[in-house]
Amino acid sequence: MEEVPSDSSKFKMQGQGKSDWGEELRQKMTSYNASKTKSGEEASSVTVIFSLDNTVKGLSQILCVLENHSVSLSHIESRSSLSVSATTEFLAVLERGEGSEAKLTDILQQIKECVKSLEVVQGGRNDAVWFPRTLEEMNPCLTRPLYAELEPSHPGAKDPDYLAHRKKCWDVAQNYTIGTPVPRMEYSENQVRTFGAIFSKLKTLYPSNACKEFNEIFPDLVQECNISEEYIPQMEDVSQFVKKRTGFTLRPVSALLSARDFLSALAFRVFPATQYLRHTSSPFYTPEPDLCHELLGHCALLANPEFAQFSQEIGLASMGAPDEYIEKLSSVYWYTVEFGICKESSGRKAYGAGLLSSVAEIQYFLTDEPTVKPFEPSTAIKEVYPVEGFQTTYLLADSFSDALQKIRAFAATIPRPFTVRYNPYTQSIEVLDSKEKLLKVAEQLNGELNQLMDGISKLK
Ligand SMILES: [Fe+2]
């Protein structure tokens, strides 16, 4: 299973410990200044992440700065640093009051004097949330996992060998650059046996319980990536397999990401995936997504063009969406990509990766126990889903196409003053917020339409 967690826990940092954070700040401020409102005025709010080693003293200094400039602190949350001991990190939203005359840029300079590090993570236009527009901007979003250490209840939390395996996977993910081959991972004999036990059982269940789109691709995935009871597939090979069919690539991540970061990667046709295996003591249980979930559960359908489109559109809908809509999209994602089921002439079939990677749940969803409702985004966003144990409710789609149409209709309800489009040539997100930009897209589409008409005419 994989959790797409609430965005309320998205506050995670990266890049700690850089000695020249002043330079980093200057770059961020340049970007911040460049994104001022259309009228040329400065935005009225900014989101920052700062770190302190003397929490009380540093915080009181910052509060003084804010008070002196009539700036309010509309949100603040804290946590211990993932990478720097005895350091606390804070996420804060600063809002300039009506009586405030100082520029936020000047105020931030003063705050900089009180903290160990400061990063502007969002600031600029008041009516939109920052989101990555290029692969280079998106890549760092995937190196800020929601946790760095295993929970004490994790089956591998006290196993030094397992912790060493996780450390290797962590290092690969944190140092990975999009566009480069995913480093190959070595697995122990025990790990191969664990993977083999899962693969062996699942492959007998797929023909009857998985959807036809999955079953059409899975044999090719197995063959081309050499998957067997004796061999754990390498992420790079699976990524190449998927890329050839839909353009999606896999990007190693060290643990779960925030919903916003995860969904933003989908917009670029990048699928964040974990490279580590569950603990060998519990082959049929994992408290978090592992490579069995990612590679067996997700990747066959990511190689299906319609499903890939469906996944990307959920990602595009998340770009610049307000937090409450990220939560709604997470629910839609959960009830489709993770635990979706669909209708076929021979009955209900699984297309969600949480089902396709669980020996027990891929059988359970067909019993009379769970509730089954028709898939509608409006239904998905109201459901409260369990992140552990079997789902109590599944949402049944008529087909992938039907689900995609419904997601599109839902995306149109997200309050954004623009729409976005992925440009595959530049691998970037285009923001369509002016007549000129829309006309440019129309010209491109016109060229493609002419090509289509030419092809059709030659078939006559
Ligand atoms: Fe997943």
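The values are calculated or read from the model by the stated rules, or taken from the named source; none is laboratory data. Quick caveat, the model's predicted, so the values are computed rather than measured. Neighbour counts are summed over all protein chains in view; Cβ atoms, including those assigned to glycine, are modelled from backbone coordinates with ideal geometry. Quick note on the areas: whole protein, heavy atoms, side chains included, nothing else; ligands and nucleic acids left out. Shrake-Rupley method; radii C 1.70, N 1.55, O 1.52, S 1.80 Å.
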Quiz prompt | Cα centre as origin, Lys/Arg/Asp/Glu Cβ charges: the chain dipole, Debye | solution = 720
Quiz item: Rounded to the nearest 0.05, what FRET efficiency is calculated for residue 55 and residue 384 with R0 set to 45 Å and r the Cβ-Cβ distance?
Solution: 0.80
Exercise. Enter the accessible area per residue of the chain (Å², integer; probe 1.4 Å; all protein chains in place).
Key: 46
Quiz item: With charges set only on the Cβ (+1 for Lys and Arg, -1 for Asp and Glu), what does the dipole of the stretch 139-237 come to about its Cα centre, in debye to the nearest 20?
Solution: 280
Exercise. Could you please state how large a percent of the accessible area of the chain is carbon and sulfur, counting protein chains only and using a 1.4 Å probe?
Key: 51
Exercise. On each of the three principal axes of the Cα atoms of the chain, give max minus min coordinate, whole Å, ordered largest first.
Key: 68, 65, 41
Quiz prompt | Table column - 3J(HN,Hα) (Hz), the stretch 340-346, Karplus curve with 6.51, -1.76, 1.60, x for Gly and Pro | solution = x, 10, 9, 8, 9, 4, 8
Quiz item: Considering the dipole of the chain built from charges on the beta carbon (Lys and Arg +1, Asp and Glu -1) around the Cα centre, which of 447, 258, 353 is farthest to its positive end?
Solution: 447
Quiz item: Can you name the helices of the chain, as whole DSSP H runs, whose Cα span along the helix axis is 24 Å or more and whose Kyte-Doolittle mean is not below -0.5?
Solution: 189-209, 435-459
Self-check item: Extension reserve of the residue 368-residue 401 stretch, reckoned as 0.36 nm per residue once the Cα distance is removed
Solution: 9.2 nm
Self-check item: Centre separation in Å (Cα based) which lies between the stretch 307-379 and the stretch 269-299
Solution: 18
Quiz item: For the chain, which span is the longest to avoid every loop-located (per DSSP) member of GluC sites (Glu not before Pro) having at most 12 other Cβ atoms inside 10 Å?
Solution: 231-387
Quiz item: Can you flag which of 203/406; 349/406; 343/373; 168/244 are past 23 Å Cα-Cα?
Solution: 203/406; 168/244
Quiz item: Could you give the dipole magnitude of the stretch 253-351 about its Cα centre, charging the beta-carbon of Lys and Arg +1 and that of Asp and Glu -1, in debye to the nearest 20?
Solution: 260
Quiz item: In terms of modelled amide H atoms, which long-range or inter-chain residues lie less than 5 Å from the amide H of residue 430?
Solution: 421, 422, 423
